[in-house]
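K.L.:
To start, I am sharing the structure in question, which I have written as structure tokens.
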Amino acid sequence: PLLLRMPYTELLRLWNESVQAVDANDWEGALAKLQQIPEPTSRTHFNAASAHLALGQLDMALKCLDLTIAKDERLAVAFFQRAAVMLQMDRSEEALSDCIWAQEHMRGNAVIDYRQLGLRYKLYFWQILYNTAAAYCRMGQWESAMDKLVLATQDRGPGRGGNIELALKSVERKEVLDPLLVPVGSVFRPRKQDIEQLHQRDFLGKAKVIISMIPNDDFGGFEPLRQQKPGFYEPKTDGVHESRYMRVRAPYMARGPGQLTVPGGATVFLFGEEDRDGMINVIHDGQRGLLPVSLLEPAKVKKSKKENRVPTGIPLPPEHKPPSRPETLSRSMVPPRESPSTEIPPPSNNNATHTQPPASGPPRYTANAASNKQAGSPQRVEERSVVVKVHYTYNLALSIPLETPYHELKERIAEKVGQSASQLRLRYKQSGSRVLLPLPGEEESGRTVQEVAEAGRVTLWCQREDPLANRTILYQMVALYDYVAEGPEDLEFSEGDTIDILSEVNQEWLEGHCAGNIGIFPSSFVYKENKSIIQD
């Protein structure tokens, strides 16, 4: 018969429900959900095997693991789990073969983290060697088992030391080792993002009334018009309706049903025509009611300056143009300076390029007025200052004199960040370059901030240095970009940080030390600053 493919959303739903049953230790319920999947995947087969193991059904667990490997022939954790099940069933030679295949599919890695596939488990190479030794023990080959355990002691991984030492003592006494398995409850889980998509979502949202012909309209559906909230408002003022505005000459107190109480001098809008009793419908302050016509007189409505008046409630655009920067006056256009009664020698060309305006008119300022003060001006300090922006774990800025030496700048920054100046390292970027360079001659006297200032600004990258003990530093590199750790074994750093290289994992990954942490990171995120080898 022709089998219809199950929608992926239905597969996700059953898979997620089976995982929830596993978390509740409902192994039968988990198997019932997994059996409803017509086309199981390698991960759902592995989950079914875990449920059978929890129930003690070794034969069924072995069948599910066979199907798992048939779906994915390179899943090392499946070979590792099947080898452990075969050891429990005294099928040592087949278990030894699965251990060899598991080692092959580790592809030379010391550890494989299956978290990206949904399994919260890390398979270490020493665990496979341990189960290999357990297979040799059951086959009576004690020397081979001892060799595998000795080889496992050379591999790194958490929990290795105590287990291997106990296993070595057991093999010396010729005691059979119990195999290691993936813990009960560790199963493949669907991605959280996929599960969130299973719930129905309203992508359109609820409609919102922006404007309506009906006052106080708040209905946002697709039904016919229905009764709105009570309330009456005047229409917008234009040339046709100006005569409908009237002024109440004297205050009026309501004397009957439907009449309004209105203060004297109030402006009302005529909503209807005069009736036989001399009353007329008006709108005042959002309310509709009757007023005597004898109390009303035409009101003077202020006309808008523009012909097309914007309705009330929408602000008018600004009428003034935004201010522009003042233009610098050339020397030929500067008005002649009036000499005061007491003769003062004219300023020299190297410290003044702007003359003062006559005393009779208001002073005029130009864009370079701040840089054209005389030597005795109190703004001279600001003229020779520079703004320093520092990238740390947070950003900070400070203003310092342009002639500040590097060591004083470092002490100022250390005081701001609350660290010792000897533990800080400063770098900067040359114009048009992405490479971060140390300050030139930072420890030399006479070197000032002026050497790295551009357009009155200096941008620096600051890093706190932590000493590293008991490890050899091969060389140092500088971070080109920020790197966010994706796992506990990753090293996180920011742009401009100095990283001590401890080892080269492969062509694409390095092991390093930064800010007191040790981990691995991609080599493409850094560049080499110093190729000389540094020894601790």
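K.L.:
What tally of residues in the range 224-270 results from selecting those that are assigned to a loop (DSSP other than H, G, I, E, B), at pLDDT below 80 and either surrounded by 11 or more Cβ atoms within 10 Å (Cβ to Cβ) or of a type in the set (D, E, K, R) (or both)?
P.N.:
First, the residues of the range 224-270 that are assigned to a loop (DSSP other than H, G, I, E, B): 224-241, 249-251, 253-258, 260-261, 263-266.
Now drop any that are not at pLDDT below 80, which leaves 224-241.
Checking which are either surrounded by 11 or more Cβ atoms within 10 Å (Cβ to Cβ) or of a type in the set (D, E, K, R) (or both) leaves us with 226, 228-229, 231-238, 241.
Number satisfying all stated conditions: 12.
K.L.:
Same structure, new question: Of all residues being without any contact (Cβ under 8 Å) to a residue 60 or more places away in the chain and aromatic (Phe, Trp, Tyr) in the range 115-145, which is surrounded by the fewest Cβ atoms within 10 Å (Cβ to Cβ)? Just the residue, please.
P.N.:
So the first thing to find is which residues in the range 115-145 are without any contact (Cβ under 8 Å) to a residue 60 or more places away in the chain, and the list is 116, 122-145.
After this cut, where a residue has to be aromatic (Phe, Trp, Tyr) as well, the list is 124-126, 130, 136, 142.
Numbers: Tyr124: 21, Phe125: 22, Trp126: 23, Tyr130: 23, Tyr136: 23, Trp142: 14.
This residue is Trp142.
K.L.:
Scan the range 168-182 and give yes if some residue there is open to solvent by 50 Å² or more (accessible area, probe 1.4 Å), assigned by the TED database to the domain that holds Leu34 and under 30 Å from Asn25 (Cα atoms), otherwise no.
P.N.:
Taking the range 168-182 as the starting set, the residues that turn out to be open to solvent by 50 Å² or more (accessible area, probe 1.4 Å) are 169, 172-176, 178, 181.
Keeping just the survivors that are assigned by the TED database to the domain that holds Leu34 gives 169, 172-176, 178, 181.
Applying the additional criterion that residues be under 30 Å from Asn25 (Cα atoms) yields 178, 181.
Yes, because at least one residue in the range 168-182 is open to solvent by 50 Å² or more (accessible area, probe 1.4 Å), assigned by the TED database to the domain that holds Leu34 and under 30 Å from Asn25 (Cα atoms).
K.L.:
Pull up the range 74-107, narrow it to residues that are part of a loop (DSSP other than H, G, I, E, B) and hydrophobic (A, V, I, L, M, F, W, C), then point me to the one that is nearest to Tyr130 (Cα to Cα). Before the answer, list the steps.
P.N.:
Here is the first cut: in the range 74-107, the residues part of a loop (DSSP other than H, G, I, E, B) are 74-75, 89-91, 106-107.
Pick out the ones that are also hydrophobic (A, V, I, L, M, F, W, C) and you get 75, 89, 106.
Values: Leu75: 19, Met89: 17, Met106: 15 Å.
If we take residues in the range 74-107 being part of a loop (DSSP other than H, G, I, E, B) and hydrophobic (A, V, I, L, M, F, W, C), then Met106 is nearest to Tyr130 (Cα to Cα).
K.L.:
What are the residues in the range 423-451 that are open to solvent by 70 Å² or more (accessible area, probe 1.4 Å), farther than 25 Å from Ser494 by Cα and modelled with pLDDT of 75 or more, if any?
P.N.:
Matches in the range 423-451: Gln450, Glu451.
K.L.:
May I pose another question? For the range 65-76, does any single residue satisfy the condition of being more than 39 Å from the chain's Cα centre (by Cα), open to solvent by 70 Å² or more (accessible area, probe 1.4 Å) and over 22 Å from Ile112 (Cα atoms)?
P.N.:
So far as the range 65-76 goes, no, none of its residues is more than 39 Å from the chain's Cα centre (by Cα), open to solvent by 70 Å² or more (accessible area, probe 1.4 Å) and over 22 Å from Ile112 (Cα atoms).
K.L.:
Another question about this same structure. Looking at (1) closer than 28 Å to Leu11 by Cβ; (2) modelled with pLDDT under 90; (3) not hydroxyl-bearing (Ser, Thr, Tyr), which is the one condition that is false for Phe46?
P.N.:
Single failed check for Phe46: (2).
K.L.:
Right, another one. Do any residues in the range 249-264 that are on the phi < 0 side of the Ramachandran plot have Cβ atoms under 6 Å from those of residues that are of a type in the set (D, E, K, R), where the two are at least six apart or on different chains, and which pairs are they?
P.N.:
Arg249/Glu297
K.L.:
How many residues are surrounded by 16 or more Cβ atoms within 10 Å (Cβ to Cβ) and either in a loop (DSSP other than H, G, I, E, B) or out of contact with any Phe, Trp or Tyr (no Cβ under 7 Å at 6 or more places or on another chain) (or both) if we restrict to the range 42-63?
P.N.:
11
The values are calculated or read from the model by the stated rules, or taken from the named source; none is laboratory data. All of these numbers come straight from a predicted model, not from anything done at the bench. In this analysis, Cβ positions are derived from the backbone assuming ideal geometry, glycine residues included, and neighbour counts consider all displayed protein chains. For accessibility, only protein heavy atoms count, side chains too; no ligands or nucleic acids. Shrake-Rupley method; radii C 1.70, N 1.55, O 1.52, S 1.80 Å.
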